[in-house]
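Trainee: Here it is, the structure in full.
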Amino acid sequence: MKKILKIVFIFSIVILCDSVFSNVNNNFINDFKSALSKDFDEDQFDQMFRNYSLLLVPHDDANTLMNNLKGEEVRVHPLSEFAKTDLYKSNIEKLIKSENPYQRLLSYLIVASANDLSFNNILLERIKTEKLQGCKLWAGMALLYLKDTHTDDLFDFVVENDNFGDAHLVPLYLRLDFSLIKGTAYRKISSDNNAARILAATVLGYSEADEKAADVLKDAVRKWPIEIKGYAVNALKTMRAGNLLSVLKPFLNNNYTHEICLEALSDSPTDEDQEFVLQLIPNEGLVSDNMLNILIQSKNKKFATKWLELISKNRVSENHYSRMNDESILFSEEMRPELLKTIPDINNAEVLSSIARLFYGKKYYNTEAVLVQLLRHPNDSVRYWAASSLKDCSSKELINELPVLLKSPEYRTVALTKIIIQNSI
């Protein structure tokens with residue numbers, strides 16, 4: 001059973017398979033028959049899990065990633081065809097009701113992969129009665145994958161069994177029918193259990209433009225213990241609630257809540273909330289890394305514009321690490337002209353490197369022309385990322401520039417190699 005728990009808490013392993021199982025193959029069928037033996041044990045289960053992970057846990061993020069990297073696709077319910085066979089129909093109930101925990105565990109994986117809803121009531125009972133933690137977890141994950149509608153029961157299961165510092169069950173719970181889990185969240189948010197409060201707040205945070213949900217979360221911010229108050233603030237941030245200043249201001253000086261309060265205010269659609277954050281920026285001198293990252297992570301355009309202004313004036317520490325990503329509003333098509341216009345004024349190499357790296361695949365406006373210019377930047381990291389982002393480019397301007405760059409030890413960078421090969425230079 002230790003092996004099972006290890007698999008559960010790692011949330012399965014990446015396995016290199018010879019081929020993707022689009023249909024159930026003979027090996028699986030033979031091993032399924034072997035699993036019907038009363039002597040089926042932990043080692044045999046572990047081996048089946050390893051051999052057929054793509055069949056038994058197609059919903060696992062590791063398997064999804066592996067398939068994407070290999071350019072392969074696995075059906076959402078790869079055992080649905082197997083569920084139509086006499087072998088399945090004659091034996092799956094026996095496995096589910098078996099006294100052998102490894103047979104039960106295997107059955108939970110199979111019914112989920114087969115999209116078989118007929119055993120949901122048994123699974124609901126098992127998440128409360130299974131003595132072995134591994135069996136209980138996989139019974140619950142089967143219900144989550146099957147998108148069961150008993151969201152109150154599943155809420156309690158997630159609260160009891162997930163590690164909220166490294167949650168695996170919460171994302172599955174959030175994929176359930178939102179109207180149902182939202183109703184559950186309203187019923188559970190007044191719980192005395194902190195984990196229940198956190199999950200309820202997380203759910204309500206996905207309620208877009210919902211005044212009732214915003215009011216409930218604001219009340220939670222006022223009343224919850226300081227150590228979990230930030231979760232309610234984060235939910236308000238997620239839903240981009242407005243009119244937050246009066247609610248959040250009392251908690252801005254607390255280490256638990258300072259940063260998340262500023263983030264929520266910066267994402268608010270309310271002018272008063274936004275201006276409060278902007279007025280915290282000093283009129284001169286360096287701006288803290290924390291404030292710069294709040295600006296660049298905001299979903300409001302005025303904060304990205306302010307970030308560009310501060311960066312272009314070099315009001316940033318030399319080693320500033322920016323939390324920008326390709327989803328930042330800075331990289332939206334709307335802001336691209338403003339960003340490209342500002343790049344020549346940016347002196348910070350760390351910031352320029354991040355921008356160049358995130359320009360990959362972006363072709364609108366004169367992005368490629370700006371990247372070509374950065375190939376002559378004095379910083380090798382900026383040149384490297386500019387070249388990396390140009391690897392699929394075949395513009396005349398780039399082709400003309402390549403011979404000069406390759407002859408110059410000052411500008412030459414490894415990332416130019418892919419461009420040279422691609423263009424047969």
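The values are calculated or read from the model by the stated rules, or taken from the named source; none is laboratory data. Nothing here was measured: the structure is a model prediction, and the numbers come from that model. Neighbour counts run over all protein chains shown; Cβ positions are idealised from the backbone, glycine included.
Trainee: Of all residues being among the charged types (D, E, K, R) and outside any helix (DSSP H, G or I) in the stretch 101-134, which is surrounded by the most Cβ atoms within 10 Å (Cβ to Cβ)? Just the residue, please.
Mentor: Result: Asp116.
Trainee: Find the residue count for the stretch 400-425, including only residues that are more than 21 Å from Arg357 (Cβ to Cβ) and part of a helix (DSSP H, G or I).
Mentor: Qualifying residue count, the stretch 400-425: 5.
Trainee: Cβ contacts < 8 Å: first residue on the phi < 0 side of the Ramachandran plot, restricted to the stretch 25-44; second residue among the small types (Gly, Ala, Ser) and part of a helix (DSSP H, G or I), any location; separation 6+ or different chain. Result?
Mentor: Pairs found: Phe40/Ser34; Gln44/Ser34; Gln44/Ala35.
Trainee: Pull up the stretch 193-222, narrow it to residues that are in a loop (DSSP other than H, G, I, E, B) and at pLDDT 95 or above, then point me to the one that is farthest from Phe178 (Cα to Cα).
Mentor: So the residue we want is Asn193.
Trainee: Select from the stretch 250-268 the residues that are in a helix (DSSP H, G or I) and touching a residue at least 12 places away in the same chain (Cβ under 8 Å) and list them in ascending order.
Mentor: Passing the criteria: Phe251, Glu259, Ile260, Cys261, Leu262, Glu263, Ala264, Leu265, Ser266, Asp267.
Trainee: Take the residues in the stretch 147-161 that are part of a helix (DSSP H, G or I) and of a type outside the set (Asp, Glu), then tell me which one is nearest to the chain's Cα centre (by Cα).
Mentor: Val158
Trainee: Starting from the stretch 294-320, keep only residues that are within 13 Å of Glu350 (Cβ to Cβ), then list their pairs with residues that are among the aliphatic types (A, V, I, L, M) and in a helix (DSSP H, G or I) whose Cβ atoms are within a distance under 6 Å, requiring at least 6 positions of separation or different chains.
Mentor: Here the result reads Ile311/Val351, each pair linking the stretch 294-320 to a residue that is among the aliphatic types (A, V, I, L, M) and in a helix (DSSP H, G or I).
One line per residue, one yes/no per condition, for (1) of a type in the set (Phe, Trp, Tyr); (2) under 30 Å from Pro282 (Cβ atoms); (3) over 32 Å from the mean Cα position of the chain (by Cα):
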site	(1), (2), (3)
Asp326	no, yes, no
Pro344	no, yes, yes
Ser388	no, no, no
Lys396	no, no, yes
Leu406	no, no, yes
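Trainee: Of a type in the set (Lys, Arg), surrounded by 16 or more Cβ atoms within 10 Å (Cβ to Cβ) and either touching a Lys or Arg at 6+ places or on another chain (Cβ under 7 Å) or not in a helix (DSSP H, G or I) (or both), is that true of Arg376?
Mentor: No; evaluated as a whole, the condition is false for this residue.
Let's see how each residue does on (1) buried (at least 17 other Cβ atoms within 10 Å of the Cβ); (2) at pLDDT 95 or above; (3) part of a helix (DSSP H, G or I):
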{"position": "Met291", "(1), (2), (3)": "yes, yes, yes"}
{"position": "Phe303", "(1), (2), (3)": "yes, yes, yes"}
{"position": "Leu308", "(1), (2), (3)": "yes, yes, yes"}
{"position": "Ile311", "(1), (2), (3)": "yes, yes, yes"}
{"position": "His320", "(1), (2), (3)": "yes, no, no"}
{"position": "Arg323", "(1), (2), (3)": "no, no, no"}
{"position": "Glu327", "(1), (2), (3)": "no, no, no"}
{"position": "Leu330", "(1), (2), (3)": "yes, no, yes"}
{"position": "Glu333", "(1), (2), (3)": "no, no, no"}
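Trainee: Okay, moving on. State which residue is surrounded by the fewest Cβ atoms within 10 Å (Cβ to Cβ) when the search covers only the stretch 61-100 and only residues that are β-branched (Val, Ile, Thr) and at pLDDT below 60.
Mentor: Thr64
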